[in-house]
Amino acid sequence: MEEDKPLILIIDDEESMRDSCSLILAREKLATLTADNGALGIRTAQESKPDLCLIDLKIPGLSGFEVLDQIKAIDPHIICIVITGYATVESAVEAMRRGAYDFLPKPFTPEELRIIIRRGLERRRLFLEAESLRREKKLMEENFITLVSHQLRSPLVAIAQYFEVILGGIVKDENTKAEMLSKAKNRVEGLLDLINDWLDIARMNAGQIIDNLKPFSITSLLQQQMEFYTPSAEEKGIHLTLDPPEGSDRVRGDSESLEQVFSNLISNAIKYNVKGGSIRLHSRGEETWIAVTVSDTGMGIPEEHLPYLFDQFYRVKRSESEKQKGSGLGLSIALKIVEAHKGRIEVSSTPGKGSTFAVYLPKAVG
Ligand code: ADP
């Protein structure tokens, strides 16, 4: 169901009925399609996957029951409401037995139609919501298997090997031992970062973010992030600047989770930058969005990687000299947060020149 406009298919042979129902539903901000016979109704349902079908049981050609059966066969979760003639309780009961959600006896008032459609759409919304949670949970489980089998297992195997070599007395030289211990420590730190990122994802609750949306100035958030990251940028000789905002800089967002988005983007811009490079933060107020960009003059990202960059655990393969520690989760966390704001995030990059990540957030009204 398109979020703001559910689609209703009206199957009825009477033109006046189709027109009046369409009109009433259009006023409810619903999209409608109509069909004047059963075969066309089924075809339209197949092609357009409506959220709800309003089916007159008495139509010429295919019977309303057959239409109902076939639409239920296309997708059992399309809500079907049948329109029944005068005093035909039996057919209403039969329709319900065949999977109709409810029935509307003729004649009915616009209000009766609105009420029954609203109820049907609410049922559909609950179903779609449960479905998306189920999908999310499945994805999380699949990714959890990747996490344990690859991301956690290989560093642990490496650490165990270092310990075995040292404890087995194979290396005698103290310097070599210290070097191995320091490598093992690095792998442990990497594991901790990975687990913390993973926990961030698991804890992130889009509903909670939506409940916390408040208007605030994105410039002050960027300013704080800039102050926080300046020391580590300077260590690499990287210059971090924040341009004055162009137009409004007030977003409607959850500042805590947006801090994490920009923290991930800025730390990547430092991590994948070059010595002596620079990073520019900029915000521009548009009609409905505030566009915030984080641009760097770093190593860039080859085009073939761009479609997968926001996937969990996806990391661009880098040459030895360009290798950096990371979990491959930072951008997927950023994307999840931005999507919970109903915003979007885009990337453009030229290998060897740098990358720009643009985050579009809803503008605060008033
Ligand atoms: P991580 O940095 O932990 O690998 P991310 O999800 O933050 O994970 O980033 C995914 C990949 O995208 C990184 O491995 C890196 O190669 C690439 N990337 C992200 N940001 C930049 C950037 N500013 N410049 C170049 N490459 C980047």
Which ones in the range 316-343 are among the charged types (D, E, K, R), within 19 Å of Ser263 (Cβ to Cβ) and modelled with pLDDT under 90?
-> Lys325
Only residues in the range 240-269 that are open to solvent by less than 30 Å² (accessible area, probe 1.4 Å) count as the first member; pair them with residues that are within 16 Å of the ligand (Cβ to nearest atom) and among the aromatic types (Phe, Trp, Tyr), Cβ under 6 angstrom, at least 6 apart or cross-chain, and list the lot.
-> Leu265/Phe357; Ile266/Tyr229
Only strands (runs of 3 or more DSSP E) wholly contained in the range 1-90 count here; list those with 1 or more residues that are in contact with a Cys (Cβ under 7 Å, 6 or more places away or on another chain).
-> 7-11, 52-56, 79-84
Could you check, for the range 202-213, whether at least one of its residues is in contact with a Ser or Thr (Cβ under 6 Å, 6 or more places away or on another chain) and within 20 Å of Gly328 (Cβ to Cβ)?
-> no
Residues within the range 192-229 that are assigned to a helix (DSSP H, G or I), open to solvent by less than 40 Å² (accessible area, probe 1.4 Å) and more than 30 Å from Lys137 (Cβ to Cβ), tallied = 7
Those residues of the range 336-357 that are within 14 Å of Leu309 (Cα to Cα), near the ligand (Cβ under 9 Å from one of its atoms) and surrounded by 20 or more Cβ atoms within 10 Å (Cβ to Cβ) come to a total of 3
Among the residues of the range 308-317, is any touching a strand residue (DSSP E or B) at 6+ places or on another chain (Cβ under 9 Å) and under 26 Å from Leu192 (Cβ atoms)?
-> yes
If Ala130 satisfies every condition in (1) modelled with pLDDT of 95 or more; (2) within 32 Å of the chain's Cα centre (by Cα); (3) not hydroxyl-bearing (Ser, Thr, Tyr) but one, which is the exception?
-> (1)
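Residues are listed down the side, and each one gets a yes or a no for (1) under 23 Å from Arg252 (Cβ atoms); (2) near the ligand (Cβ under 8 Å from one of its atoms); (3) surrounded by 13 or more Cβ atoms within 10 Å (Cβ to Cβ):
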| residue | (1), (2), (3) |
| --- | --- |
| Leu281 | yes, no, yes |
| Gly285 | yes, no, yes |
| Trp289 | yes, no, yes |
| Thr297 | no, no, yes |
| Val316 | no, yes, yes |
| Ser319 | no, no, no |
| Gly328 | no, yes, yes |
| Val359 | yes, no, yes |
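Considering only residues that are open to solvent by 20 Å² or more (accessible area, probe 1.4 Å), aliphatic (A, V, I, L, M) and within 9 Å of the ligand (Cβ to nearest atom), which ones fall in the range 299-314?
The answer is Met299, and nothing else.
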Cβ pairs under 8 Å, 6+ apart, first in the range 303-322 and within 18 Å of Leu147 (Cα to Cα) and polar (S, T, N, Q), second more than 8 Å from the ligand (Cβ to nearest atom) and not in a loop (DSSP other than H, G, I, E, B) = Gln312/Asn143; Gln312/Thr146; Gln312/Ile201
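This table checks each residue for (1) open to solvent by 70 Å² or more (accessible area, probe 1.4 Å); (2) in contact (Cβ under 8 Å) with a residue 24 or more places away in the chain; (3) acidic (Asp, Glu).
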{"position": "Leu7", "(1), (2), (3)": "no, yes, no"}
{"position": "Asp13", "(1), (2), (3)": "no, yes, yes"}
{"position": "Thr34", "(1), (2), (3)": "no, yes, no"}
{"position": "Glu47", "(1), (2), (3)": "yes, no, yes"}
{"position": "Pro50", "(1), (2), (3)": "no, yes, no"}
{"position": "Ile59", "(1), (2), (3)": "no, yes, no"}
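May I ask you to verify whether Ala95 is surrounded by 13 or more Cβ atoms within 10 Å (Cβ to Cβ) and either modelled with pLDDT under 95 or closer than 16 Å to Lys58 by Cα (or both)?
yes
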Say we look at the range 240-279 and pick out the residues that are in a strand (DSSP E or B) and not charged (D, E, K, R); which of these is farthest from the ligand (Cβ to nearest atom)?
-> Val251
Expected output for the range 328-356 (first residue not assigned by TED's automatic domain parsing to the domain that holds Gly190 and in a helix (DSSP H, G or I), partner of a type in the set (D, E, K, R) and more than 8 Å from the ligand (Cβ to nearest atom), Cβ below 6 Å, 6+ apart or cross-chain) is Ile333/Asp200
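The values are calculated or read from the model by the stated rules, or taken from the named source; none is laboratory data. The shown structure was predicted, so the numbers you read here are calculated from the model rather than taken from an experiment. Cβ sites come from the backbone with ideal geometry, for glycine too, and all protein chains shown count toward neighbours. Note: accessible area is taken over every heavy atom of the protein model, side chains too, but ligands, DNA and RNA are not part of it. Shrake-Rupley method; radii C 1.70, N 1.55, O 1.52, S 1.80 Å.
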